[in-house]
Amino acid sequence: MKFFGAQCILLHHLSIYSPIAQEIGFYYPLALDEFSELSRLAVQVFLVISGFLVAKALSKMKAVHLSSLLLKRYARLAPFFLLSLCMCVIASVLLQDYLWGSWVPEVPTLLGFLAHAFLVQSLLDVPAISSGVWYVAIDFQLFALTMFLAWVFSSNEKIRVDNAKLKLMLSLLCLASLWFFNRFESLDNWAIYFVGSYVMGMLASWASESRVNQRLFLFTWGLGLLSILYEPRIRIALALTVAMALFLMADNAGDFLSQRTKALLATLGDSAYAVFLNHFVLILLYSALWDALKMEGLKAAFAMVVLYWLSALTLGAYLHRRLEMQLVRLQWTPIVNFFQRLRLRHATELYKAI
């Protein structure tokens, strides 16, 4: 799911940016518009799967150390994210003579880059350096919201982190989003807009653990289905479909697949984040190449699409293996340990300020 979602996103961004998309749109305007609209829905797949995996992690936790978890999550997302932004800035500067149009990102100011670094660029209405950067910020918001609630409802050491109160609260938050907040696109820079899809993934993960959890998932899923009957939204219909698929199939070991196929699918899925972050650099590169070579015609446009797609997969897999995994292993451990020592030594003033 992550792999196919990543393909939809990288082709979606190519379809709305670049002169290559304009060339295809000249021949097939309606088809291009339909593809652009449908392919962006892949975001819902990532939201549900992200919630599913976070729920798995919560089930293994003995306690919630909120600050440490947020630091580690930031350390997981930010370094590779910032490196990708730097690549976009460098590409924009080097290729500026061959790039044109409002979609081409401007060189950011220092404050603009810092806003991206702290994942608040959408909240501050800062122009995006790269496509899809808002999703990284939303993912961090959703994670922070979930961990905050887990911390609140598991303050007693005798209470499990993934306790009944937390699950019920998340279910109510999910329904509030599906029935109310998700209906207003002006809220799409905030976690509350997307939390319905995210929590459906969490509940689908927990549903396999007990009959009570299963009933809570089915109850929430059913009310979520009613919400799209009340106000139809294809994005929510897709999120509910993915959540149900995970509920029905997550425990399937995939015995019908060979080990080699499983390994390939795992690699493609794991590299989705690298593909997602770095494909916009290639859009800039191939758009500049298209302009520099004065290319035109439908055959040339489709050839560039195939070349871009294969390049995005190759670059994403390479960066995932050679760079992203190294950053994940590092996890900025010295910095995280420093803040943990501050907490253990009760350096409360500095710790709370940070």
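The values are calculated or read from the model by the stated rules, or taken from the named source; none is laboratory data. On a predicted model such as this, the values are computed, not experimentally measured, just so you know. So basically every Cβ, Gly included, is an ideal-geometry build from the backbone, and we count neighbours across all protein chains shown.
A few points about this structure:
- Any chance L218 is at pLDDT 95 or above, exposed (fewer than 13 other Cβ atoms within 10 Å of the Cβ), assigned to a helix (DSSP H, G or I) and not β-branched (V, I, T): no
- Among the residues listed as F46, F35, the single one being aromatic (F, W, Y), in contact with a helix residue (DSSP H, G or I) (Cβ under 7 Å, 6 or more places away or on another chain) and surrounded by fewer than 19 Cβ atoms within 10 Å (Cβ to Cβ): F35
- Positions within the stretch 255-269 being at pLDDT below 85 and either of a type in the set (D, E) or more than 27 Å from V43 (Cα to Cα) (or both), in sequence order: D255, F256
- Residue within the stretch 129-139 that is farther than 14 Å from F194 by Cβ and in contact with a Pro (Cβ under 8 Å, 6 or more places away or on another chain) present: yes
- Considering the stretch 147-179, the residues that are among the polar types (S, T, N, Q) and modelled with pLDDT of 95 or more include one that is farthest from L47 (Cα to Cα), namely S171.
- Extreme residue, surrounded by the most Cβ atoms within 10 Å (Cβ to Cβ), among residues of the stretch 97-112 that are of a type in the set (A, V, I, L, M) and part of a loop (DSSP other than H, G, I, E, B): L99
- Of all residues in the stretch 48-71, those satisfying the criterion of being of a type in the set (V, I, T) and modelled with pLDDT of 90 or more are V48, I49, V54.
- If you go through the stretch 46-76 and keep only what is of a type in the set (A, V, I, L, M, F, W, C), closer than 20 Å to S197 by Cα and in contact (Cβ under 8 Å) with a residue 40 or more places away in the chain, you end up with F46, L47, V48, I49, F52, L53, V54, A55, L58.
- Considering each residue of the stretch 186-195 in turn, none proves to be over 30 Å from F113 (Cα atoms), modelled with pLDDT of 95 or more and touching a helix residue (DSSP H, G or I) at 6+ places or on another chain (Cβ under 8 Å).
- Subset tally (residues that are part of a loop (DSSP other than H, G, I, E, B), in contact with a Phe, Trp or Tyr (Cβ under 9 Å, 6 or more places away or on another chain) and over 20 Å from S186 (Cα atoms)) for the stretch 125-157: 2
- Set side by side, the residues A115, A137, A150 differ, and just one is without any contact (Cβ under 8 Å) to a residue 12 or more places away in the chain and crowded, with 17+ Cβ neighbours inside 10 Å, which is A115.
- Some residue of the stretch 249-263 being charged (D, E, K, R), in a helix (DSSP H, G or I) and surrounded by 12 or more Cβ atoms within 10 Å (Cβ to Cβ): yes
- Evaluation of I49 against the conditions (1) outside any helix (DSSP H, G or I); (2) within 15 Å of the chain's Cα centre (by Cα) shows that the sole unmet condition is (1).
- Selection status of V89, part of a helix (DSSP H, G or I), over 30 Å from M244 (Cβ atoms), of a type outside the set (D, E, K, R) and in contact (Cβ under 8 Å) with a residue 24 or more places away in the chain: yes
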